[in-house]
1. How do the pairs read when you match residues in region 53-65 that are at negative phi with residues anywhere that are surrounded by 13 or more Cβ atoms within 10 Å (Cβ to Cβ) and in a loop (DSSP other than H, G, I, E, B), using Cβ under 9 Å and keeping only pairs 6 or more apart or on different chains?
2. Being part of a helix (DSSP H, G or I), more than 7 Å from Gly74 (Cβ to Cβ) and not charged (D, E, K, R) is the filter here, so list the residues in region 116-135 that pass it.
3. If you take the residues in region 101-149 that are basic (Lys, Arg) and surrounded by 17 or more Cβ atoms within 10 Å (Cβ to Cβ), which one is farthest from Leu68 (Cα to Cα)?
4. Any chance region 76-95 includes a residue that's on the phi < 0 side of the Ramachandran plot, free of Cβ contacts under 8 Å to residues at least 12 places away in the same chain and either touching an Asp or Glu at 6+ places or on another chain (Cβ under 7 Å) or polar (S, T, N, Q) (or both)?
5. Looking at region 20-35, can you tell me whether even one residue there is modelled with pLDDT of 90 or more and buried (at least 16 other Cβ atoms within 10 Å of the Cβ)?
6. Could you say which residue among Ile82, Ile43 is in contact with a Leu (Cβ under 8 Å, 6 or more places away or on another chain), over 16 Å from Met133 (Cα atoms), surrounded by 13 or more Cβ atoms within 10 Å (Cβ to Cβ) and not charged (D, E, K, R)?
7. Taking Ser95 and the conditions (1) polar (S, T, N, Q); (2) under 17 Å from the mean Cα position of the chain (by Cα); (3) surrounded by fewer than 13 Cβ atoms within 10 Å (Cβ to Cβ), which numbered condition does it fall short on, given that it satisfies the others?
8. State which residue pairs qualify: first residue within 11 Å of Arg143 (Cα to Cα) and small (Gly, Ala, Ser) and inside region 103-130, second residue exposed (fewer than 15 other Cβ atoms within 10 Å of the Cβ) and at pLDDT below 85 in any location, beta carbons under 8 Å apart, and separation of 6 or more residues or different chains.
Amino acid sequence: MSKSSGPQNTFESEVRDDWLDRVARFNQHFGRFVRDALGVLLIAVALMTLLALRGYTEGVLLTPCANLLLLWFGWGSYLVVIAIGYAGYAFLRRSRTPLPWGRLFALELAAFLTLGLLAAMGGNSLLRAESGMDGGRVGWGRRLPFDFAQGTPSGSRGVCRREERHAEEKGCGETNDARHPATAYHLPPTD
């Protein structure tokens, strides 16, 4: 008995190239050049940002980006620049090995915890964090849960008192509640 071979049903989507096939074809032909251009761009951005962080160069876009990195990451902004530069190097390397996700997440976690360590080494001062030192805002915020767990006053009340005492010790002027409207409701008047 022979099988009847009727007309093959072909769907329109099987005949026509879909968008994923076009992306794969583009990647096959031009992917190497795009990766090279992206790698060079990332390394250039890392170098320019490093120079801006050190104060050697300025620019309309570069200076605000460097100031934002310093404000949020403090000295950890150099870790961000190193990560951007390494990503550019990884694009240029053309390695066929897959990305080691476990190692990448471990490095990110280590950098995140380093920001808290930098803030702790600097005394976990909000003034220092706001001036782009230690671990910046992220490091200062990362350190806060440990202060609460230890029972040290680091909430808005404790931080403001500590910062006012620090300002008084350094001779930064009067520290009354009128100058600090955010703390006027949290702090009792000092004698």
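1. Thr63/Thr57
2. Matches in region 116-135: Gly116, Leu117, Ala119, Ala120, Met121, Leu126, Leu127.
3. Restricting to residues being basic (Lys, Arg) and surrounded by 17 or more Cβ atoms within 10 Å (Cβ to Cβ), the top hit is Arg143.
4. Yes, region 76-95 has at least one match.
5. No, that holds for no residue.
6. Only one candidate qualifies: Ile43.
7. Status for Ser95: all satisfied but (2).
8. Gly116/Phe146; Ala120/Phe146
The values are calculated or read from the model by the stated rules, or taken from the named source; none is laboratory data. On a predicted model such as this, the values are computed, not experimentally measured, just so you know. Glycine also receives a Cβ, built like all others from the backbone with ideal geometry; neighbour counts cover every protein chain displayed.
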